[in-house]
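Accompanying notes for the structure given below.
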Amino acid sequence: MAEKIYKELSDKLGVWESERFLKILAAMLSPEEARICLELFAPATCPELAARLNIDEKELSGKLDVLVDKGMLTRGLTQYGFHTTLLAFHHECVADTAPHTGPYALSKEVKELWSDFFYNEWSYHFMEHIEEFIKKTGRSLPIWPAIGAIERSPGIGPEDLLPEENWKLRIENAKSRILAPCGCRVSWGHQCDLPLMTCFACFDRPRGEYYLNQPGRLLKEVSLEESLEVVRQAEEAGLVHWGDCYCCSCCCENLFPITREKRWDLMTPNRFLAVVDEEKCTGCGICVERCKFDAVVMVKASTPSKQKSYVDPEKCKGCGLCIITCKPNALTYKIVRPPEYLKPAGEPVHFIPVWGEYFLK
């Protein structure tokens, strides 16, 4: 009976036939908790759910509180809702606002299960998911230009940036600055030694304010200066700014499978291109090492026996990582696509559907 409930929950989340994922559900949810979650793919109040499950309302209320504390459910003013996709389930139950300390901390067993599932199954299916999304909308979620790279590009000023590209302005204008640990690096057991407190998913959002002081969370409220320092450290460490995340190529649910398979066609470039001033380039090759997309190579320059860096405009995604640490300032940004490029017809560029605080009453 228990196996059937986990299978139903897995099916509702759109997960393929995966024994690995069923083990995750069994490790994170009791059969009774799984049944409650299964009933909340459509949001409901406690009295509504109690009547549906024929459970005492007071008893159910306590169980719902536990599931909210675990990150399994999202709670509105009166309603509760479970997560509607595997990606949303991971972000809410394991990553971002999810508990990482205290009674509901992720055990070593659960982290190992998630790691095994991600590297051996989900990372492959995730690529299929991105392919489907691109067919449906015309593009995937573009990565965003690095603040440090923009600041090192004299030809680009604030007036040249679209609001969604001006990450620094968003940080400056934020009413609440709340950071969370990177869900991917936490979930898979922190496979690298790159910065951990880099998730901006709760930044200036009600969910961050709600979970900030809840037991078991590692969310942290920071100042403007601390926020910008987090960004600086992330960019210098070589993390790619993608959505609300600063991603590494060994753990990120987006970046890892794409870089592993070198499927650059599944990544939408932004409006920026890194360009090289050959006269300033010393040929150190650091930019080649920092590029995640094989876009920077060393080529023979006009000076005999000297190599210079070259950026392939067909491969460059505009992340700016090569620009940030270029000591001779030989690399800068150039805007190569018009503002309309970021505003395609059809669906908005977003593929992590969750109930969230905006969807629950």
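Could you list all residues from the range 6-34 that are farther than 28 Å from ALA50 by Cβ and loosely packed, with under 14 Cβ neighbours inside 10 Å?
Scanning the range 6-34 gives TRP16, GLU17, GLU19.
Can you name the strands (runs of 3 or more DSSP E) wholly within the range 230-276 that have at least 2 residues being assigned by TED's automatic domain parsing to the domain that holds THR332 and in contact (Cβ under 8 Å) with a residue 24 or more places away in the chain?
Passing ranges, in order: 272-276.
What residue, of PRO163, PRO142, PRO158, is touching a Ser or Thr at 6+ places or on another chain (Cβ under 8 Å) and not assigned by TED's automatic domain parsing to the domain that holds CYS316?
PRO142
Could you please find all residues in the range 287-340 being among the charged types (D, E, K, R), part of a helix (DSSP H, G or I) and loosely packed, with under 15 Cβ neighbours inside 10 Å?
Listed by number, the residues that qualify are GLU289, GLU340.
Would you mind telling me which numbered condition in (1) over 23 Å from ARG207 (Cβ atoms); (2) not in a helix (DSSP H, G or I) ALA27 fails?
Single failed check for ALA27: (2).
Yes/no matrix, rows are residues, columns are (1) closer than 19 Å to CYS316 by Cα; (2) of a type in the set (A, V, I, L, M):
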| site | (1), (2) |
| --- | --- |
| PRO158 | no, no |
| LEU162 | no, yes |
| HIS241 | yes, no |
| GLU253 | no, no |
| PRO257 | yes, no |
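When you go through LYS58, LYS63, LYS70 one by one, which is the residue that is within 30 Å of MET127 (Cα to Cα), of a type in the set (Lys, Arg) and either outside the structural domain of PRO215 (by TED's automatic domain parsing) or in contact with a His (Cβ under 8 Å, 6 or more places away or on another chain) (or both)?
Step by step, each of LYS58, LYS63, LYS70 is checked, and only LYS70 is within 30 Å of MET127 (Cα to Cα), of a type in the set (Lys, Arg) and either outside the structural domain of PRO215 (by TED's automatic domain parsing) or in contact with a His (Cβ under 8 Å, 6 or more places away or on another chain) (or both).
Could you grab the pairs with beta carbons closer than 8 Å, sequence gap of 6+ or different chains, first residue in the range 52-79 and closer than 25 Å to GLY208 by Cα, second one at pLDDT 90 or above and exposed (fewer than 15 other Cβ atoms within 10 Å of the Cβ)?
Correct list of pairs: LYS63/GLU32.
Tell me yes or no: at least one residue of the range 107-122 is surrounded by fewer than 19 Cβ atoms within 10 Å (Cβ to Cβ) and in a loop (DSSP other than H, G, I, E, B).
Taking every residue of the range 107-122 in turn, at least one turns out to be surrounded by fewer than 19 Cβ atoms within 10 Å (Cβ to Cβ) and in a loop (DSSP other than H, G, I, E, B).
Just to verify a result, which residue in the range 206-221, among those that are over 15 Å from VAL68 (Cα atoms) and aliphatic (A, V, I, L, M), is surrounded by the most Cβ atoms within 10 Å (Cβ to Cβ)?
LEU219
When the range 130-159 is examined, which residues are found to be part of a loop (DSSP other than H, G, I, E, B) and either surrounded by fewer than 16 Cβ atoms within 10 Å (Cβ to Cβ) or of a type in the set (D, E, K, R) (or both)?
Residues satisfying the conditions are GLY138, ARG139, ARG152, PRO154, GLY155, GLY157.
Give the residues of the range 160-185 that are out of contact with any Leu (no Cβ under 7 Å at 6 or more places or on another chain), closer than 23 Å to GLY216 by Cα and in a helix (DSSP H, G or I), sorted by residue number.
The answer is GLY183, CYS184.
Scan the range 258-292 for residues that are of a type in the set (Phe, Trp, Tyr) and at pLDDT 95 or above and jot them down.
Answer for the range 258-292, where residues must be of a type in the set (Phe, Trp, Tyr) and at pLDDT 95 or above: just PHE272.
The values are calculated or read from the model by the stated rules, or taken from the named source; none is laboratory data. Keep in mind that what you see is a predicted model, and the values were worked out from it rather than measured. As a convention, Cβ positions derive from the backbone with ideal geometry for all residues, glycine included, and neighbour counts pool all protein chains shown.
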